[in-house]
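One structure is given below, encoded as structure tokens.
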Amino acid sequence: MEPTPSAPPAPRRRRIRWAPYILIAPTFIYLALFFAWPMAQGLILAIYDDEALLTLRAEASRDAPKVGHLPQGTHLEIQGQQSNRLEPGAELGENALTEIWFYVRAEDADGGPVAGWVPERRIRVRERAPDGSPLRGTVRIKLGQDVDPRTAVHGEPREQSPVVGYLEPRTPVAIQEQAVLEVWYRVRGLDEGGEPVEGWAPSRYIQVFGDENRGRVDRGDTGQFTTRFLAKMWNDRFFRPAVTNTFLLMVLIIPTQFVLAVVMALVIQAQLRGSDLLLYIYAIPLGVSDLAVGILWFSIFTQHGLLNSVLYQFGLIDAPTTYLSAETKYWIIVAVWLAEVWRATSLVMVIVVSGLQAIPGEVLEAAELFGANLWQRVRYITLPLLRPSLQVALILRTILALQVFAVVIALSGGDVVTVLANEVYRQYTEFRNPNVAAAYAGFILVLSMISAFFYLRTIRSHQEVAG
Amino acid sequence: MAEIRIERVTKRFGDFVAVNDVTLTVQDQEFVVLLGPSGCGKTTLLRAVAGLGMADEGRILIDGRDVTYLPPRDRNISMVFQSYAIFPHMKVYDNIAFGLKMHKVDRAEMERRVRQAAELLHIEELLDRFPSNLSGGQRQRVAVARAIAMQSKVLLMDEPLSNLDALLRLEMRAELKRLLREIGATTIYVTHDQIEALSMGDRIAVMRDGTIQQYDRPTVVYDRPVNRFVGGFIGNPPMNFIHGQVAQMDGVLTVRVGHLHVRPEEEMIPLLGGHVGRPVLLGIRAENMEVFDRPVEEGLKVRVLVVEPLGSQNLLTVRIGQDTIKVATHPSFQVQADQEIWLRFPPDKIRWVDPDTEQVLYP
């Protein structure tokens, strides 16, 4: 039969299936909104200084072109000043120098009408509206011998603006409007490159010294990425002890926990009489908050605590020993180690038990039948098959060990023995330095990620390698 | 010599008696199949022999040595598990070598035996693979290779083919039979598949409710079942049982089935004599009846309900009184549903069953 030529099949339009995307969208929104965004905001504090640079402008106005930047802390010469009307809603801070001008209407000495701007200091307010705003007043008398007794009225709320008229002292005026002005300084200083720059900046950013001619940049108005906070963390006197202690605790806690957890899991898995009860007993510490655990172990280790009483009762010591003091740092480490092992070993155990339950019974029976004794079965069958569970537990435990905090606080007060998480807290609360706190937090995050990556790469199960 | 003697073994799980006072002897190099429906205790008995579940009562002797309470590794046995139980984290080579490694066989010998076992199972090229990359059939071969590499005198197999698809099972059945003949280990093989049992075993032990019903060569178990259960369990289709009535007519003993009077064999007459006036079951296999499409002498007229052409034979379902039975005919026998046919029961093919005890009567 001849194959009949047929028209090529019409290209079928691939229908996009939206349902999965719609279903997953809330998750992404949740992650972005409550996870990625705050975390990025928090971490950026560690490397971004939002007050690093002060912008200088050619004239005393926000709209004037920029002429350069001065870093925070730069010393300046103040060369002049000028008032400038404030933009609405501006945050001034403590350094801002402001003055108020009134728009007034009055009659001059010749009886002609005068309307214009006068500084607040030239008017004595006599009458106010119920909301406190001034309505009427009189022009103040000028003191001194040689000065012109009249008060100038300006076309705009600035000294430099043209004078539109003069008012005699004591002239009554109607106050129609008031304007808040901020003083701008014309300053001169060295920019980051050491080049001198000169320009105008609002007074709110500048701290003026007593002689009125010198000052420094108190804070900038422009952000800049910086390693300043990281350097500050690195040079912090608590940094090295915190790192050392955190790693020391990790090295002590994690292997102990894993050996204990595997043994506990094997005991439970052996299905001895009462092993169900054992599981509940093991799980109790999971229900206790870590601070409570710290306090519990503190009560054991204090001078009149459980440990000393027991040792004393049995006549092993003559007088109570002081464990938790600055002189016996190693005892604090031991106490933290014991408390953390007591507290979190069950977590590893639960993971290991679930891993054990995934090992088919026949596989272990086969190992037994082919001649493996108990130790060989654990060594050659159980542990290798537990690898994925142990990996999960190891990542989890390492990350949690990097975050150990409350137990240390409870047992050492946070000074004698300090850990990384404690330094985040200390920087934030005691030193009021959220940037360095963020640097510490970021450091913990980086360590956690490195360790997770390391575990995932090195402890890979054979099946995965083969697949 | 590796004779397995199971003496009066009982195994209980709580109140449930899984194996009840079982005595069984497996001769050296013999292939014995434990056959029975699920829950009959066959796997429990095998595990007692393996040492994976100790017997509560009785003794188990391997090669004259009492192993009842020895751990598995001291029994000189190897085993193939139903789920294969190969170690997923080890390459095929290490899987096969595992037992040898545990028994501290030296490296060269180990290598030789692993290669040999792999060769026997045709899996030499898989030795470097991980089990996750193997098909079900290949895993099965690895499990068998691991067991035979041990060169134990006793080989235990727990439904090794039940996880394979039908075609592969057929192929592995023949291959396992050849292999076991070659290595000459004493083998206990557990299965619920009666075809596997019939085709592979030197002897079959049919189990039910923890006891052994019959222990004999496959042909005997098939041809001369001891009771209604064995007859009904073995064979596809199972043996038919037709209700009859023993009667004495003119001094001649016959069994009335429908309107037909069946004359038993001479040597059966004394045994059936005691049943006169009482019901008896006529047991006959589907392929042992003579079928005619026209009236014949001593033929029972029946109506065909269903015709199932199976290629090698036609399977007819017919009704006799209250019993529905299966009749196998040659495929050339033309018949349709609702047609009438005539059946003849050759006396030497009939097994007479006492309906009270359900035992088959043998002279």
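Given (1) outside the structural domain of A:Val348 (by TED's automatic domain parsing); (2) of a type outside the set (Gly, Ala, Ser); (3) in contact (Cβ under 8 Å) with a residue 40 or more places away in the chain, identify the lone condition not met by A:Val262.
(1)
Take residues that are at pLDDT 90 or above, over 25 Å from A:Ile333 (Cα atoms) and within 14 Å of another protein chain (Cβ to nearest Cβ) and tell me which of the helices (runs of 4 or more DSSP H) falling wholly in segment A:377-467 contain 2 or more.
Once the helices (runs of 4 or more DSSP H) in segment A:377-467 are filtered for at least 2 residues that are at pLDDT 90 or above, over 25 Å from A:Ile333 (Cα atoms) and within 14 Å of another protein chain (Cβ to nearest Cβ), what remains is A:383-402.
Kindly indicate whether B:Ser78 is of a type in the set (Ser, Thr, Tyr) and in contact with a Phe, Trp or Tyr (Cβ under 8 Å, 6 or more places away or on another chain).
Yes.
In segment A:384-420, which residues are out of contact with any helix residue (DSSP H, G or I) (no Cβ under 6 Å at 6 or more places or on another chain), over 19 Å from A:Leu347 (Cβ atoms) and of a type in the set (A, V, I, L, M)?
A:Leu385, A:Ile409
Consider A:Gly355 against the criteria (1) more than 10 Å from every other protein chain (Cβ to nearest Cβ); (2) over 17 Å from A:Val262 (Cα atoms); (3) crowded, with 21+ Cβ neighbours inside 10 Å: it satisfies all of them except one. Which criterion is unmet?
(2)
Inside segment A:164-201, can you point out the residues that are within 19 Å of A:Pro113 (Cβ to Cβ) and either loosely packed, with under 14 Cβ neighbours inside 10 Å or not aliphatic (A, V, I, L, M) (or both)?
Scanning segment A:164-201 gives A:Gly165, A:Tyr166, A:Glu168, A:Pro169, A:Arg170, A:Thr171, A:Pro172, A:Gln176, A:Glu177.
Could you please find all residues in segment A:94-125 being touching a residue at least 24 places away in the same chain (Cβ under 8 Å), part of a strand (DSSP E or B) and over 16 Å from A:Gly155 (Cβ atoms)?
Matches in segment A:94-125: A:Thr98, A:Glu99, A:Ile100, A:Glu107, A:Ile123, A:Val125.
Can you name every residue in segment A:200-219 that is in a loop (DSSP other than H, G, I, E, B), more than 11 Å from A:Tyr185 (Cβ to Cβ) and either out of contact with any helix residue (DSSP H, G or I) (no Cβ under 7 Å at 6 or more places or on another chain) or outside the structural domain of A:Glu59 (by TED's automatic domain parsing) (or both)?
A:Phe209, A:Gly210, A:Asp211
Could you list all residues from segment A:126-149 that are assigned to a loop (DSSP other than H, G, I, E, B), in contact (Cβ under 8 Å) with a residue 24 or more places away in the chain and of a type outside the set (Lys, Arg)?
Across segment A:126-149, the qualifying residues are A:Ser133, A:Ile141.
Suppose we filter B:Phe13, B:Phe87, B:Phe31 for residues that are aromatic (Phe, Trp, Tyr) and in contact with a strand residue (DSSP E or B) (Cβ under 9 Å, 6 or more places away or on another chain); which single one remains?
Exactly one residue qualifies, and that residue is B:Phe31.
Residues of segment A:301-321 being polar (S, T, N, Q), over 24 Å from A:Val404 (Cα atoms) and not in a helix (DSSP H, G or I), which ones?
Once the filter is applied, which keeps residues that are polar (S, T, N, Q), over 24 Å from A:Val404 (Cα atoms) and not in a helix (DSSP H, G or I), segment A:301-321 yields A:Gln303, A:Thr321.
Just one of B:Met239, B:Met268 is under 23 Å from B:Gln359 (Cα atoms), in contact with a Pro (Cβ under 8 Å, 6 or more places away or on another chain) and at pLDDT below 90; which is it?
Answer to the selection: B:Met268.
In segment B:327-345, which residues are assigned to a strand (DSSP E or B) and either surrounded by fewer than 20 Cβ atoms within 10 Å (Cβ to Cβ) or among the aliphatic types (A, V, I, L, M) (or both)?
Those that are assigned to a strand (DSSP E or B) and either surrounded by fewer than 20 Cβ atoms within 10 Å (Cβ to Cβ) or among the aliphatic types (A, V, I, L, M) (or both): B:Val327, B:Ala328, B:Glu340, B:Ile341, B:Trp342, B:Leu343, B:Arg344.
The values are calculated or read from the model by the stated rules, or taken from the named source; none is laboratory data. Everything numeric here is computed off the predicted structure, so don't read it as measured data. Glycine also receives a Cβ, built like all others from the backbone with ideal geometry; neighbour counts cover every protein chain displayed.
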